[in-house]
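The values are calculated or read from the model by the stated rules, or taken from the named source; none is laboratory data. Nothing here was measured: the structure is a model prediction, and the numbers come from that model. Note that we place each Cβ from the backbone using ideal geometry, even for glycine, and neighbour counts take in every protein chain shown.
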Amino acid sequence: MKGTITEQILREHVVSGEVLPGTEIALRIDQTLTQDATGTLVYLEFETMGVPRVKTEIAVSYVDHNIIQTDYKNADDHRFLQSVAAKYGVVFSPAGNGVSHHVHRQRFGLPGKTLLGSDSHTTTGGCLGMLAMGAGGLDVALAMAGLPYYITTPEVWGIYLEGELPAFVSGKDVILELLRRYTVKGGLGTVMEFYGPGVGNLDMSARATIANMAVDIGATAAVFPSDEVTRDWLRRNGREQDWGSIPNNDSAEYEYHTTLALSELEPLVACPSNPDNVKPARELSSVPVQQVIIGSSCNGSYRDFMIAAEMVKDKLKAPEVSFEINTGSRQTLVTLLASDGITKLVNAGARTHEPGCLGCIGMGQAPASGSNSLRTFPRNFKGRSGTRDDAVYLCSPETAAASALTGYITDPRTHGAEPKIALPERFAFNERWFQQPPETPESIEIKRGPNIKPFPELSELPDELELPVSLKVGDNISTDTIMPAGNRVLPYRSNIPAISRYVYDVLDPEFAQRAVALGESALVGGENYGQGSSREHAALAPRYLGIRVKLAKSFARIHKSNLVNFGIVPLVFADPADFEQIERGSTLRLSGLRSLIGNGAEEIPITVENAHGVRRITTRLVLSPRLRAILVGGGALNYAKSTGG
């Protein structure tokens, strides 16, 4: 990792530990962001710490997920977030301002800084040369309280870019090509660092899209250099004074290395129902689409909409297609209005929606049953759209625009000449769109609706556990499968007893009731368990239902951290073949567990009993001494209260 941008930022922010891959370090966090689907719980956790004011350089609370107000719950939570932001010194970005990742890089992101967000796509900030990471909400709450963020030092994956993108190929195709090559597990334990002569040929829209989906290839973060492209983009946002040069080091050494010739890429599409199921658009011309959506946290930039607007100018969408537009931010929407981009899209039959996540998180825009939806979003996990039998495809804005016109997935290179898009000299902005916290917050009263419930108390880990297996699942289970999103579930995000009823609802509707009846139980999974969103509800709600152990072939980084934070033991099969020996209804006996974990044992024996007999298997627990203490104590909040951090 010698000489990398990642190493430079880590060394400037490390407060304890040694920056060596595989070792745990504690990092100073400069900036935090929350969004409303996870933020309500973050601030409930922050309140329990008794800290009077946030201690990071800046903290921003965004309302961008649950903006559909079908009853009082979302509106009440927005009011809670507004009041708690004012009370604790947090900038408040209300509904309509846009998606946290777009707004934060436009208004607050700074090259060389660390950013921690309670949303997995916080990695978007890497387009500015930040070390931007998603985390569970509790980790963000601890960072806002001035405590460091602990992380296993990642390895650095150097991605050398050469050449220029061909016509109708953009940043989405770059990250889809990497997903095609390396799968959703390809970046586990790494930071993707982009360098080489091709980097200068990627605009900020492309960089943001690539960094956004770094988490969907499993990476901890993605980092681009802060160069003249960065400087020009900040200038157009009226923030040139915030720029600082962070160049690539030609002598940098990387743990892993990939060369990508941009000129050899073509328009790509991720087919249902995983982001790495990637095929060339040209091979999918027989696939009809009934819905096309451009925008959200991925591909919600000015350039993304303007190229689509120019492609559909003076044309009309196919009659069977619902063509929909979700701008990434209010700033982008206002700028598009001024440049006539929205007019061109609307005249082509597009429906415009307010800036926000919307259909990306299943808040509206659910496709019709049995239909195909083509989206520029970052994820297409089964059922995430709000329709159980959905078939969601992911693509670039160019492919989306071409397909909206034909009614079939269409290679945009068949469209004609590629439009040339010029950025405006200044992006529209009004600083009054944000609510700054008062200097004297003592008189602020936090407003709580009836749906906001206290944070549940979690007991310490016992030494002896006898646990029935309440559920067994396969590989690449996402947090969307564990804890569904959408307007049916997300309004309960500040009500753990209520939201826990929906755990694994999309896979096994009887799971929650069965788990409650069992009292305490274990869950068994395959590879990459807990991929996708950072939502800590996917750990806390199962813990509320009595899950004490999760045993899997491997865990996604953020979900494993969330499990520890809420006192669930994340064990990994020492021999993956033992996965086949356990079934739902098996009994797992763990003896001396508290002592083993506390004393640093990496091998945790389990006695498995089922209809096939009794056998003993070995599992592994790879955690730092600090994380072991958190686990024994029943979770990170218990640990923070008892130790002061």
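Which condition number in (1) small (Gly, Ala, Ser); (2) assigned to a helix (DSSP H, G or I); (3) closer than 16 Å to residue 131 by Cβ is the one that residue 222 fails?
So the condition that residue 222 fails would be (2).
Name the residues in region 85-122 that are among the polar types (S, T, N, Q) and out of contact with any Asp or Glu (no Cβ under 9 Å at 6 or more places or on another chain), would you?
If the condition is that a residue be among the polar types (S, T, N, Q) and out of contact with any Asp or Glu (no Cβ under 9 Å at 6 or more places or on another chain), then 106, 122 are the ones that fit.
Considering region 520-534 alone, what residues qualify as being assigned to a strand (DSSP E or B) and modelled with pLDDT under 95?
Matches in region 520-534: 531 only.
Tell me which residues, restricted to region 451-476, are part of a loop (DSSP other than H, G, I, E, B), in contact with a Phe, Trp or Tyr (Cβ under 8 Å, 6 or more places away or on another chain) and either of a type in the set (A, V, I, L, M, F, W, C) or under 12 Å from residue 637 (Cβ atoms) (or both).
452, 456, 458, 473
Going through region 351-364 one residue at a time, which ones are buried (at least 24 other Cβ atoms within 10 Å of the Cβ) and in a loop (DSSP other than H, G, I, E, B)?
Answer for region 351-364, where residues must be buried (at least 24 other Cβ atoms within 10 Å of the Cβ) and in a loop (DSSP other than H, G, I, E, B): 355, 356, 357, 362, 363.
Taking region 606-623 as the region of interest, how many residues are closer than 11 Å to residue 590 by Cβ and without any contact (Cβ under 8 Å) to a residue 24 or more places away in the chain?
Final tally of qualifying residues: 1.
For the condition surrounded by fewer than 20 Cβ atoms within 10 Å (Cβ to Cβ), in contact with a Leu (Cβ under 9 Å, 6 or more places away or on another chain) and without any contact (Cβ under 8 Å) to a residue 60 or more places away in the chain, what is the one hit in 343, 414?
Just one listed residue meets the conditions, 343.
This table checks each residue for (1) touching a Leu at 6+ places or on another chain (Cβ under 8 Å); (2) in the same structural domain as residue 295 (by TED's automatic domain parsing); (3) closer than 25 Å to residue 183 by Cα.
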position	(1), (2), (3)
338	no, yes, no
356	no, yes, no
371	no, yes, no
381	no, yes, yes
403	yes, yes, no
410	no, yes, yes
421	no, no, no
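In region 41-63, how many are in contact (Cβ under 8 Å) with a residue 60 or more places away in the chain, of a type in the set (S, T, N, Q) and within 20 Å of residue 438 (Cα to Cα)?
Final tally of qualifying residues: 1.
Just need a number here: residues in region 106-139 that are closer than 27 Å to residue 530 by Cα and outside any strand (DSSP E or B).
16
Can you name the residue in region 455-507 that is under 24 Å from the mean Cα position of the chain (by Cα) and of a type in the set (Asp, Glu) and is also nearest to residue 379 (Cα to Cα) among such residues?
My answer is 480.
Restricting to strands (runs of 3 or more DSSP E) lying wholly in region 576-624: which have 2 or more residues that are surrounded by fewer than 16 Cβ atoms within 10 Å (Cβ to Cβ) and touching a Pro at 6+ places or on another chain (Cβ under 8 Å)?
Fully inside region 576-624 and qualifying: 613-620.
Of (1) over 24 Å from the mean Cα position of the chain (by Cα); (2) buried (at least 24 other Cβ atoms within 10 Å of the Cβ); (3) not aliphatic (A, V, I, L, M), residue 17 satisfies all except one. Which?
(2)
Could you tell me how many of the residues in region 403-420 are assigned to a helix (DSSP H, G or I) and either closer than 13 Å to residue 323 by Cα or charged (D, E, K, R) (or both)?
Selection size over region 403-420: 5.
Which of the residues belonging to region 225-273 are in contact with a Leu (Cβ under 7 Å, 6 or more places away or on another chain) and either among the hydroxyl-bearing types (Ser, Thr, Tyr) or part of a loop (DSSP other than H, G, I, E, B) (or both)?
Matches in region 225-273: 226, 230, 243, 265.
Could you please give the count of residues in region 290-306 that are closer than 19 Å to residue 428 by Cβ and either buried (at least 24 other Cβ atoms within 10 Å of the Cβ) or under 22 Å from the mean Cα position of the chain (by Cα) (or both)?
Matching residues across region 290-306 total 7.
Is it true that some residue in region 79-100 is assigned to a strand (DSSP E or B), at positive phi and touching a strand residue (DSSP E or B) at 6+ places or on another chain (Cβ under 8 Å)?
yes
Go through region 422-447 and give me each residue that's farther than 18 Å from residue 62 by Cα and either modelled with pLDDT of 95 or more or assigned to a loop (DSSP other than H, G, I, E, B) (or both).
Those that are farther than 18 Å from residue 62 by Cα and either modelled with pLDDT of 95 or more or assigned to a loop (DSSP other than H, G, I, E, B) (or both): 422, 423, 424, 425, 426, 427, 428, 439, 440, 444, 445.
Take the conditions touching a Ser or Thr at 6+ places or on another chain (Cβ under 6 Å), farther than 19 Å from residue 196 by Cβ and assigned by TED's automatic domain parsing to the domain that holds residue 53 and apply them to residue 103. Does it pass?
Criteria met by residue 103.
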